[in-house]
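Data first, discussion second: the structure below is written as structure tokens.
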Amino acid sequence: MSGAFKMSIYIDSHKVVLKQVGDIFLDSCSPLPNHHLNHFNPSDGNGYSEIYDFGKLCVGKGKYWIDHPLQMSAETPAHSFGITILLSGTHHIQNHKSNHKYEIRSPMIILRKGSLGLQTIHLQEHKEMSLISLDFNQSFLEIMESNSLNSDFANFFLSEPSTALKTINIPNKNVLHQAHYLLNIPSAQSSIDLLHLEGAALELMSLLLGNNQKSNEIPSSVQRTIFILENEFEKKITIRTLAKQVGINECDLKKIFKEYTGKTIGHYLLENRMRCAQILLKEGVSIEKVANQIGYSSTQYFKKIYERYFSYSC
């Protein structure tokens, strides 16, 4: 962590952006150098955003839930190179410089370079958003160039034009698993925690920049299934209806979904429903309304499932 005790241009830039979007995030104190932690303003939703500067590589993590549709506009003040991995939720982004609009559905990767200017992000209500960002400087580009890495990621950052934004699919299951692993590491409380987090981030970068980008490529049927489970979980969802929607037979869908996500379809759906239920209950929504809102016709059955999942009653 060579840059641990130096001023961080990434964190300074992050703070500038947060000031432009108002009081959506609230500052929280961190005991560690070059670590900036923010919690979502309870009046808008809940969740967190944090950033760690390790010198050559800056790692950002965020997971949040909003109570109402939200629009954030900000201009990034510095020239940068970065990768954002959207793991849940859908972002609608407008780049005012190019007047281009993007609808970015999870799981998806955004490649960024240059000074992108003013951007507006539209966030959905009652949908969990989670992401990882990896920003790096010129010295990291020199590592890419010196190793002649033959990947779409390296080619994007090493080629013209100097300012660009591109969306691509997550290339393989190892990247998806490592990104989720990094997201779920708790906020660092010590120097040992920082070493663990930095190591996980560097492993993710190594997977992204490796030469085997086409191996284990995530099938479109799995990506489409993930999107449906995260955005339509309040509907009645069965393996049969899912298989028809994504164009694959039921047995194959169950097999490849488990292979690429490490979870069954039923467990993935349950996780999304329970996260939503927990947040709605914290907001004071009645148990009956919560059950109905997340796809359960029986309140008693919902209460039973909730208690089994969290080991306490709702």
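The values are calculated or read from the model by the stated rules, or taken from the named source; none is laboratory data. Keep in mind that what you see is a predicted model, and the values were worked out from it rather than measured. Virtual Cβ from ideal backbone geometry, glycine too; neighbours counted across all protein chains shown.
Among the residues of the range 125-144, those identified as among the small types (Gly, Ala, Ser) and either under 13 Å from residue 63 (Cα atoms) or assigned to a loop (DSSP other than H, G, I, E, B) (or both) are 130, 133. Modelled with pLDDT of 80 or more, closer than 30 Å to residue 219 by Cα, more than 16 Å from the chain's Cα centre (by Cα) and not in a loop (DSSP other than H, G, I, E, B): is that true of residue 153 in this structure? For residue 153, the condition - modelled with pLDDT of 80 or more, closer than 30 Å to residue 219 by Cα, more than 16 Å from the chain's Cα centre (by Cα) and not in a loop (DSSP other than H, G, I, E, B) - is not met. Taking (1) surrounded by 14 or more Cβ atoms within 10 Å (Cβ to Cβ); (2) touching a Phe, Trp or Tyr at 6+ places or on another chain (Cβ under 9 Å); (3) at pLDDT 85 or above in turn, residue 166 satisfies each apart from (1). Filtered by the rule that a residue be among the aliphatic types (A, V, I, L, M) and surrounded by 17 or more Cβ atoms within 10 Å (Cβ to Cβ), the range 181-199 gives 182, 183, 188, 194, 197. State the number of residues belonging to the range 54-85 that are out of contact with any Lys or Arg (no Cβ under 8 Å at 6 or more places or on another chain), of a type in the set (A, V, I, L, M) and closer than 26 Å to residue 209 by Cβ. The number of residues fulfilling the criteria is 4. For the range 145-163, state whether one or more residues are of a type in the set (D, E, K, R), without any contact (Cβ under 8 Å) to a residue 12 or more places away in the chain and under 17 Å from residue 82 (Cα atoms). Checked against the condition, which is being of a type in the set (D, E, K, R), without any contact (Cβ under 8 Å) to a residue 12 or more places away in the chain and under 17 Å from residue 82 (Cα atoms), the range 145-163 yields at least one hit.
Any residue at all in the range 169-181 that's modelled with pLDDT of 80 or more, more than 20 Å from residue 265 (Cα to Cα) and in contact with a helix residue (DSSP H, G or I) (Cβ under 9 Å, 6 or more places away or on another chain)? Steps first, answer last, please.
Within the range 169-181, the subset modelled with pLDDT of 80 or more is 169-181.
Next, only the ones that are more than 20 Å from residue 265 (Cα to Cα) stay: 169, 171.
Still in the list and also in contact with a helix residue (DSSP H, G or I) (Cβ under 9 Å, 6 or more places away or on another chain): 169, 171.
Looking for residues that are modelled with pLDDT of 80 or more, more than 20 Å from residue 265 (Cα to Cα) and in contact with a helix residue (DSSP H, G or I) (Cβ under 9 Å, 6 or more places away or on another chain), one finds at least one in the range 169-181, hence yes.
The set of residues from the range 272-292 being at pLDDT below 90 and of a type outside the set (A, V, I, L, M) comprises 272, 275, 276, 278, 282, 283, 284. Select, from 244, 236, the only residue that is in contact with a Gly (Cβ under 7 Å, 6 or more places away or on another chain), within 30 Å of residue 291 (Cβ to Cβ) and not assigned by TED's automatic domain parsing to the domain that holds residue 125. One residue alone meets the criteria, 236.
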